[in-house]
Amino acid sequence: MLAAEIHEWLRANLFDEVPIAISVISRDFRIVEANRRFTEVYGPWQDRPCYEVYKGRTTRCERCAALKTFADGRIRTREEEGTVRNGVQRHYLVQMVPITRFAGDIPYVIEMSTDITEVKKLEAEKREAERLASVGETVAGIAHGIKNVLMGLEGGLYAVNTGIERADDERI
């Protein structure tokens, strides 16, 4: 295969077919390339800054992972929240990978975003179920304690009533 054929094969069979959104970000934080999934999820991206496309911001993010990756060349992974094409907030796992030239400079960063919104929903549901289970256990414990007190009172009342029934008037 020629280099052009390999590039086209990779583009058709890998870059555009993976189920994650991939963008290539330049040092001025503009998206210079993106795969089909990215376009489906985030919409038009051509010559727009990443912070505008991902988060609807007008300025760079305060804790910009791309900036840090450009600075030190380290791969980064973290969870983020962003707004997708239809305006819905989504949670995603972001991986930043530097594209390093032979001279060591980093002209671009690849940002790969995996939507984990459903996982976050399941985590929240699990936390709520655990909270409700804890509340249920607490209520059951309190009910058991109240029942023990009532049973003690009922036993005492039985003893007093039995004593009254068996005693004569002088003993009472």
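The values are calculated or read from the model by the stated rules, or taken from the named source; none is laboratory data. Computed from a predicted structure; not experimentally measured. When we count neighbours, we look across all protein chains shown, and the Cβ atoms used for this are built from the backbone with ideal geometry, even at glycine. The area values use the complete protein model at the heavy-atom level, side chains included, leaving out ligands, DNA and RNA. Shrake-Rupley method; radii C 1.70, N 1.55, O 1.52, S 1.80 Å.
Remarks
- Residue in the stretch 153-163 that is farther than 30 Å from Thr77 by Cβ, over 25 Å from the mean Cα position of the chain (by Cα) and either β-branched (Val, Ile, Thr) or part of a loop (DSSP other than H, G, I, E, B) (or both) present: yes
- Scanning the stretch 1-20 for any residue that is at pLDDT 85 or above and in contact with an Asp or Glu (Cβ under 9 Å, 6 or more places away or on another chain) turns up at least one such residue.
- Any hit, the stretch 56-67, residues being closer than 21 Å to Val41 by Cα, among the hydroxyl-bearing types (Ser, Thr, Tyr), free of Cβ contacts under 8 Å to residues at least 24 places away in the same chain and open to solvent by 100 Å² or more (accessible area, probe 1.4 Å): yes
- Evaluation of Val88 against (1) open to solvent by 50 Å² or more (accessible area, probe 1.4 Å); (2) farther than 20 Å from Gly43 by Cβ; (3) not charged (D, E, K, R) (one fails), failing number: (2)
- Residue selection: Glu8 fails the criterion of being exposed (fewer than 14 other Cβ atoms within 10 Å of the Cβ), in contact with a His (Cβ under 6 Å, 6 or more places away or on another chain) and not hydroxyl-bearing (Ser, Thr, Tyr).
- Restricting Leu93, Leu122, Leu132 to residues that are open to solvent by 50 Å² or more (accessible area, probe 1.4 Å) and under 25 Å from Pro49 (Cβ atoms) narrows the list to Leu93.
- Residue count for the stretch 96-119, restricted to those that are open to solvent by 30 Å² or more (accessible area, probe 1.4 Å) and more than 11 Å from the chain's Cα centre (by Cα): 11.
- Hey, Thr77 in a strand (DSSP E or B), modelled with pLDDT of 90 or more, hydroxyl-bearing (Ser, Thr, Tyr) and farther than 26 Å from Trp9 by Cβ or not: yes
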